[in-house]
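To keep things clear, I will list the structure first and then write my remarks on it.
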C-alpha cells in the first residue's frame with residue numbers, strides 16, 4: 001500500500017466517523033418530537049391547576065374537587081377536630097398534624113388510597129377505603145392498613161383569603 | 001461482549017450470514033445511476049409514514065363529529081403535533097413522487113422484462129395498495145375536500161352492473177359518506193400499510209433472487225458487480241440527504257402546498273364546494289375517468305389505465321434490452337407517454353369545459369394508444385436495429401451476459417454434482 | 001442522468017399544473033404586506049374580538065392561547081370577559097342568533113385564512129372592498145352579494161387619511177387571523193432553518209463520503 005493510499009484511508013475513516021456522528025446526532029434529535037408528542041398536550045397541561053372558592057365550604061364539611069383528573073378532598077375542620085388531630089398520630093406513618101396542613105382549619109389531601117389507588121369514602125372519623133379496608137383520620141394519616149402511607153398532599157397555595165389554588169403555578 | 005452475543009445468535013439464526021449475503025456483500029451492478037435510488041427512498045418514506053401515522057393515531061378520533069376538531073387539537077395543542085401532521089401529509093405526496101419516478105425509471109430502461117416481471121407486478125400491487133391507503137387517509141381530516149372526494153370516489157363503485165347501489169351503500173355503511181365510513185376508513189388506513197410491508201418483502205425477495213437491473217438492460221459480467229456496502233450504502237444515503245433537503249423544505253416552509261384550502265372547512269354533507277379536485281397524484285386517472293361520457297365506461301377506462309401497466313412485459317416484443325438506451329423509437333414513445341400524463345394531470349385539475357373535455361379525450365386516446373402501439377413498434381424497431389447492425393457497446397454487453405450465464409450454469413452444475 | 005432530464009422536466013410540469021390552479025383566483029387580491037409583529041397581532045386580536053366575535057366564532061382558538069402573542073394575564077382577562085381562560089372563543093348563542101337573523105351561520109374564523117386562497121391577503125382585500133352603489137346600497141367587489149355588513153364603514157369613508165386608518169385595521173385583522181389559522185408558523189419556520197442547515201451540512205458530508213468511497217473503484 002502506497003503512502004498516498006494510506007493517507008487516503010485514514011482521511012476516509014475520519015470522514016466516515018464524522019458523518020456517522022452527525023447522522024446519529026440528527027437521528028436522535030429527530031426522535032424528540034415523536035417522544036414529546038406523547039407528553040400531555042397544552043389543553044391537558046392547562047388543567048394542571050384547580051382553583052377553589054373556600055367560602056363555599058362550611059365548617060365541618062368536605063368538598064371533593066378534581067385536580068389533574070384526580071379527586072382532592074378539601075376539609076374545613078372545626079376547632080375540636082383540629083385539637084383532636086394535633087394530639088393523635090398514626091402508628092404506621094407517623095407525622096404531626098402541623099406538617100399536614102398549611103392552615104390548620106383547611107386539610108387538602110389527594111383522595112387516592114396509598115394502597116392500590118381506590119378512592120376512600122368519608123366516615124365520621126376520617127376516611128375508609130372500600131377496596132381493602134384501610135382507614136385514615138381527619139389529617140389524612142393512615143390508621144389501619146394495608147395502606148402503607150398517609151394520603152398524599154398536593155402542592156397548593158392560598159392565593160387569596162378565600163381562594164385555594166391546587167397544583168404548581 | 002457484542003461479538004459473543006452475535007456468535008450466540010449466529011448458532012441459532014443466520015444473522016451474520018444474512019447481512020453479508022443480502023446487504024453488505026450483495027453484488028450490485030456498478031453502473032447503477034441515481035434513478036436506482038428511488039426504491040430505497042420509497043422504503044424510507046414508507047417507514048416515515050408508518051411512524052408519523054402511528055403517533056398521529058394516538059391523538060386522532062375517527063368520528064364524524066370529532067375528527068375535524070381532533071386534527072385541530074393535533075395542530076394546536078399536541079406537542080409538535082403540527083410537525084407530525086405535516087410530515088404525514090407531505091409524506092403522502094412525497095411517496096407518490098418517489099413511486100412515480102421509480103416506475104418511470106423501470107419504463108425508461110425497460111427493466112420490467114424477463115426475468116423481472118414479478119418485480120414489476122408486485123410493484124403494481126404496491127401502487128394500487130398505496131393509492132387505496134392514500135385515498136382512505138385523505139378522508140380522515142373530515143374537511144370539505146376529504147368528504148366530497150370520498151363521496152365521489154365511492155360513488156364510482158355504483159357503476160358495478162346489477163348491484164351498483166348496494167355496493168356503494170355497503171362500502172360506506174351509510175347512505176352517504178358518514179360516521180360509519182370514517183371509522184372503517186381509519187381502520188383500513190391503519191391496516192393497509194401492513195399489507196404494503198408484506199408486499200414490499202415479496203418485492204425485495206424477488207429483487208434479491210433476480211438481482212438488480214441496471215441501465216444497460218443486460219446482466220453484467222461478474223467483474224462489473226460490486227458489493228452493496230460501502231458503495232451503494234453511501235450512494236443511497238447521499239440520495240436520501242438530497243431527498244430530505246427538498247422534503248423538509250416543503251414540511252417547514254410550504255406545508256400547505258399539498259393541502260387543498262377547501263379542506264380547512266369542516267365537512268358539510270349538504271353543501272358541495274364549487275370545484276372538487278382529487279389529490280394531485282390522482283389527477284391523470286381522474287382525467288381519464290371524466291374523458292369517457294358513460295359512467296361504467298369511465299370507471300373501466302380508469303381501472304384499465306392502471307392495470308394496463310401489468311401487460312408491459314408482453315407488449316414490449318423487442319429482443320433488444322436496455323429500454324430507451326439502445327432503442328430510439330421506444331425512447332420517443334416514453335417521452336410521449338410522460339408528457340401525455342402531464343397533460344392529463346393538467347386536464348384533471350381544470351373545471352370540465354368543452355375544450356378541456358376534448359383535450360382530455362385526446363390525451364386519453366394517446367395514453368392507451370401508446371400501449372397498443374408498442375407491440376408493433378417494438379417489433380419493427382428490433383428488425384430495423386438488427387439490419388443496421390448493433391453497436392460495439394451492445395455486442396460487448398451481450399458477450400458479457402453470455403459468459404456470465406455460462407459461469408452461473410457451471411457453478412450450478414458443480415453444486416449439483418457435489419450433492 | 002442527462003437522458004432522463006426531460007422526464008424530470010415533465011414531472012415538474014405536472015407539479016406546476018397544481019400551482020397554476022392555486023394561483024389563479026388569488027391574483028385579483030391586494031398585494032399587501034402582512035407583518036406578524038406582536039403589536040400587529042395584538043391590535044388585530046382586539047379588533048377581531050370586539051368587531052367580529054359578535055357574529056363569528058373562533059372555535060379552535062382558546063383564550064389562553066392569546067398569552068402567546070404578547071398579551072399578559074390581565075389583558076387576556078379583559079378580553080375573555082366572563083369566559084373561562086381555557087374555553088374556546090365560541091358562543092352557542094351566535095349560532096342561534098345569526099341563523100334567525102341572516103338565515104345562515106357565518107363561517108368560523110379560526111381557520112378562515114387557510115380556507116381561502118390568498119390567506120390574509122384575501123381577508124384584507126375583502127374588508128377593504130366594500131363600496132357604495134349608485135342607489136346607495138353597499139356591496140363588496142370580492143364577494144358580491146355578501147351578507148356581512150361593512151364593519152369598518154369603509155364604503156362610507158371618503159377621506160384618504162381616514163381610509164388609511166381603516167386599512168391599517170384590516171391589515172391587523174388579517175395578520176391575527178393568519179395567526180389563528182396557523183399558530184405555530186413562527187416556531188415551524190425557526191425550526192425549519194435549523195433543520196435545513198443541518199441537512200445541507202449532512203448531505204455534503206455524505207457526498208464527500210460517497211465520492212471518496214467510489215474513487216477506490218477508478219481504474220479497476
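The values are calculated or read from the model by the stated rules, or taken from the named source; none is laboratory data. Keep in mind that this is a model prediction, so the values were computed, not measured. Glycine also receives a Cβ, built like all others from the backbone with ideal geometry; neighbour counts cover every protein chain displayed.
Condition check ((1) within 30 Å of residue B:230 (Cβ to Cβ); (2) in a loop (DSSP other than H, G, I, E, B)) across all residues:
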{"position": "C:157", "(1), (2)": "no, yes"}
{"position": "C:165", "(1), (2)": "no, no"}
{"position": "C:192", "(1), (2)": "no, no"}
{"position": "C:204", "(1), (2)": "yes, no"}
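What is the residue count in the range C:134-150 for residues that are surrounded by 15 or more Cβ atoms within 10 Å (Cβ to Cβ) and within 18 Å of residue C:121 (Cβ to Cβ)?
Residues of the range C:134-150 surrounded by 15 or more Cβ atoms within 10 Å (Cβ to Cβ): C:138-140, C:142, C:146, C:148, C:150.
Keeping just the survivors that are within 18 Å of residue C:121 (Cβ to Cβ) gives C:140, C:142, C:146, C:148.
Total meeting the criteria: 4.
Just to be sure, is residue B:407 part of a helix (DSSP H, G or I), exposed (fewer than 15 other Cβ atoms within 10 Å of the Cβ) and touching a helix residue (DSSP H, G or I) at 6+ places or on another chain (Cβ under 8 Å)? Show your work before the answer.
Numbers: part of a helix (DSSP H, G or I): yes; exposed (fewer than 15 other Cβ atoms within 10 Å of the Cβ): yes; touching a helix residue (DSSP H, G or I) at 6+ places or on another chain (Cβ under 8 Å): yes.
Spelling it out, residue B:407 is indeed part of a helix (DSSP H, G or I), exposed (fewer than 15 other Cβ atoms within 10 Å of the Cβ) and touching a helix residue (DSSP H, G or I) at 6+ places or on another chain (Cβ under 8 Å).
Looking at the range B:44-53, is at least one residue more than 14 Å from chain A (Cβ to nearest Cβ), within 29 Å of the chain's Cα centre (by Cα), surrounded by 13 or more Cβ atoms within 10 Å (Cβ to Cβ) and farther than 29 Å from residue B:203 by Cβ?
no
Only one of these conditions is not met by residue B:261: (1) over 23 Å from residue B:137 (Cα atoms); (2) without any contact (Cβ under 8 Å) to a residue 60 or more places away in the chain. Which number is it?
For residue B:261, the failing item is (1).
Give me a count of the residues in the range B:255-282 that are facing chain C (nearest Cβ under 10 Å) and not in a loop (DSSP other than H, G, I, E, B).
The qualifying residues number 7.
Which of the residues spanning the range C:116-128 are in contact (Cβ under 8 Å) with a residue 60 or more places away in the chain and at the interface with chain B (Cβ under 10 Å from one of its Cβ atoms)?
As a first pass, look at the range C:116-128 and keep what is in contact (Cβ under 8 Å) with a residue 60 or more places away in the chain: C:117-122, C:124-125, C:128.
Residues satisfying the conditions are C:117, C:118, C:119, C:122.
Given (1) surrounded by 17 or more Cβ atoms within 10 Å (Cβ to Cβ); (2) in contact (Cβ under 8 Å) with a residue 24 or more places away in the chain; (3) within 24 Å of residue B:57 (Cα to Cα), identify the lone condition not met by residue B:172.
(2)
In the range C:173-192, what count of residues is obtained for those that are more than 16 Å from residue C:41 (Cβ to Cβ) and either in contact (Cβ under 8 Å) with a residue 12 or more places away in the chain or more than 8 Å from every other protein chain (Cβ to nearest Cβ) (or both)?
1
Condition check ((1) over 29 Å from the mean Cα position of the chain (by Cα); (2) assigned by TED's automatic domain parsing to the domain that holds residue A:125; (3) over 30 Å from residue B:233 (Cβ atoms); (4) surrounded by 12 or more Cβ atoms within 10 Å (Cβ to Cβ)) across all residues:
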| site | (1), (2), (3), (4) |
| --- | --- |
| A:21 | yes, no, no, no |
| A:24 | yes, no, no, no |
| A:27 | yes, no, no, no |
| A:31 | no, no, no, no |
| A:34 | no, no, no, yes |
| A:52 | no, yes, yes, yes |
| A:57 | no, yes, yes, yes |
| A:60 | no, yes, yes, no |
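Taking the range B:207-231 as the region of interest, how many residues are buried (at least 18 other Cβ atoms within 10 Å of the Cβ), under 26 Å from the mean Cα position of the chain (by Cα) and not in a helix (DSSP H, G or I)?
Residues in the range B:207-231 being buried (at least 18 other Cβ atoms within 10 Å of the Cβ), under 26 Å from the mean Cα position of the chain (by Cα) and not in a helix (DSSP H, G or I): 8 in total.
Okay, residues lined up against (1) under 23 Å from residue A:43 (Cβ atoms); (2) assigned to a loop (DSSP other than H, G, I, E, B); (3) modelled with pLDDT of 90 or more:
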{"site": "C:78", "(1), (2), (3)": "yes, no, no"}
{"site": "C:83", "(1), (2), (3)": "yes, yes, no"}
{"site": "C:95", "(1), (2), (3)": "yes, no, no"}
{"site": "C:100", "(1), (2), (3)": "no, no, no"}
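I'd like the full set of residues that are within 16 Å of the chain's Cα centre (by Cα) and either at pLDDT 90 or above or within 14 Å of chain B (Cβ to nearest Cβ) (or both), limited to the range C:27-51.
Residues satisfying the conditions are C:29, C:40, C:41, C:42, C:43, C:44, C:45, C:47, C:48.
What's the number of the condition residue B:173 fails, among (1) more than 25 Å from the chain's Cα centre (by Cα); (2) within 14 Å of another protein chain (Cβ to nearest Cβ); (3) at pLDDT 90 or above?
(2)
Quick one: residue A:96 ticks every box in (1) closer than 14 Å to residue A:142 by Cα; (2) surrounded by 12 or more Cβ atoms within 10 Å (Cβ to Cβ) except a single one, so which number is it?
Exception for residue A:96: condition (2).
For residue B:91, which of the numbered conditions (1) crowded, with 20+ Cβ neighbours inside 10 Å; (2) within 12 Å of the chain's Cα centre (by Cα) fails to hold?
Answer for residue B:91: the failing condition is (2).
Look through B:243, B:238, B:285, B:252 and report the one residue that is crowded, with 19+ Cβ neighbours inside 10 Å, more than 9 Å from every other protein chain (Cβ to nearest Cβ) and within 30 Å of residue A:16 (Cα to Cα). Let's see the steps before the verdict.
Values: B:238 fails: more than 9 Å from every other protein chain (Cβ to nearest Cβ); B:285 fails: within 30 Å of residue A:16 (Cα to Cα); B:252 fails: more than 9 Å from every other protein chain (Cβ to nearest Cβ).
Of B:243, B:238, B:285, B:252, the one residue that is crowded, with 19+ Cβ neighbours inside 10 Å, more than 9 Å from every other protein chain (Cβ to nearest Cβ) and within 30 Å of residue A:16 (Cα to Cα) is B:243.
On the basis of being assigned to a helix (DSSP H, G or I) and more than 10 Å from chain C (Cβ to nearest Cβ), does residue B:333 make the cut? Don't jump to the end; show me each part of the working.
On the way: assigned to a helix (DSSP H, G or I): yes; more than 10 Å from chain C (Cβ to nearest Cβ): yes.
It is true that residue B:333 is assigned to a helix (DSSP H, G or I) and more than 10 Å from chain C (Cβ to nearest Cβ).
The rows are residues; the columns are (1) within 14 Å of chain C (Cβ to nearest Cβ); (2) exposed (fewer than 12 other Cβ atoms within 10 Å of the Cβ); (3) in contact (Cβ under 8 Å) with a residue 12 or more places away in the chain; (4) part of a helix (DSSP H, G or I).
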position: B:348; (1), (2), (3), (4): yes, no, yes, yes
position: B:359; (1), (2), (3), (4): yes, no, yes, yes
position: B:363; (1), (2), (3), (4): yes, no, yes, yes
position: B:383; (1), (2), (3), (4): no, yes, no, yes
position: B:398; (1), (2), (3), (4): no, no, yes, yes
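Which residues, taken from the range C:77-112, are within 13 Å of residue C:56 (Cβ to Cβ) and either within 13 Å of another protein chain (Cβ to nearest Cβ) or within 22 Å of the chain's Cα centre (by Cα) (or both)?
Matches in the range C:77-112: C:88, C:89, C:90, C:104, C:105, C:106, C:107, C:108, C:109, C:110, C:111, C:112.
Name every residue in the range C:55-76 that is surrounded by fewer than 13 Cβ atoms within 10 Å (Cβ to Cβ) and within 14 Å of another protein chain (Cβ to nearest Cβ), in order of residue number. Break it down stepwise before answering.
At the first step, the residues of the range C:55-76 found to be surrounded by fewer than 13 Cβ atoms within 10 Å (Cβ to Cβ) are C:72-74.
Passing the criteria: only C:73.
Restricting attention to the range B:61-73, and to residues there that are surrounded by fewer than 23 Cβ atoms within 10 Å (Cβ to Cβ), touching a residue at least 12 places away in the same chain (Cβ under 8 Å) and more than 8 Å from every other protein chain (Cβ to nearest Cβ), which single residue is farthest from the chain's Cα centre (by Cα)? First the steps, then the outcome.
Step one: list which residues in the range B:61-73 are surrounded by fewer than 23 Cβ atoms within 10 Å (Cβ to Cβ), which gives B:61-66, B:69-70, B:72-73.
Still in the running and touching a residue at least 12 places away in the same chain (Cβ under 8 Å): B:62-65, B:73.
Filter once more, so that each one left must be more than 8 Å from every other protein chain (Cβ to nearest Cβ): B:62-65.
Values: B:62: 27, B:63: 30, B:64: 30, B:65: 33 Å.
Once the filter is applied, the top-ranked residue is B:65.
For the range B:291-328, which residues satisfy the criterion of being away from chain C (no Cβ under 14 Å), assigned to a loop (DSSP other than H, G, I, E, B) and crowded, with 16+ Cβ neighbours inside 10 Å? Break it down into steps so the answer makes sense when it comes.
Keep residues of the range B:291-328 that are away from chain C (no Cβ under 14 Å), which gives B:291-321.
Applying the additional criterion that residues be assigned to a loop (DSSP other than H, G, I, E, B) yields B:292-294, B:316-321.
The answer is B:292, B:316, B:318, B:320, B:321.
When you scan the range C:211-220, do you find a residue that is assigned to a helix (DSSP H, G or I) and either more than 11 Å from chain B (Cβ to nearest Cβ) or surrounded by fewer than 14 Cβ atoms within 10 Å (Cβ to Cβ) (or both), even just one? Quick ask: steps written out before the conclusion?
Taking the range C:211-220 and keeping what is assigned to a helix (DSSP H, G or I), we get C:211-215.
Retained after the next criterion (residues that are either more than 11 Å from chain B (Cβ to nearest Cβ) or surrounded by fewer than 14 Cβ atoms within 10 Å (Cβ to Cβ) (or both)): C:211, C:215.
For the range C:211-220, residues assigned to a helix (DSSP H, G or I) and either more than 11 Å from chain B (Cβ to nearest Cβ) or surrounded by fewer than 14 Cβ atoms within 10 Å (Cβ to Cβ) (or both): present.
Out of curiosity, is residue B:4 in the same structural domain as residue B:201 (by TED's automatic domain parsing) and out of contact with any strand residue (DSSP E or B) (no Cβ under 9 Å at 6 or more places or on another chain)?
Taking the combined requirement at face value, the residue does not satisfy it.
Looking at the range C:60-74, which of its residues are in contact with a helix residue (DSSP H, G or I) (Cβ under 8 Å, 6 or more places away or on another chain) and in contact (Cβ under 8 Å) with a residue 24 or more places away in the chain? Before you say what the answer is, go through the steps one by one.
Step one: filter the range C:60-74 for residues in contact with a helix residue (DSSP H, G or I) (Cβ under 8 Å, 6 or more places away or on another chain), giving C:60-67, C:69-71, C:73.
Answer for the range C:60-74, where residues must be in contact with a helix residue (DSSP H, G or I) (Cβ under 8 Å, 6 or more places away or on another chain) and in contact (Cβ under 8 Å) with a residue 24 or more places away in the chain: C:60, C:61, C:62, C:63, C:65, C:69, C:70, C:71.
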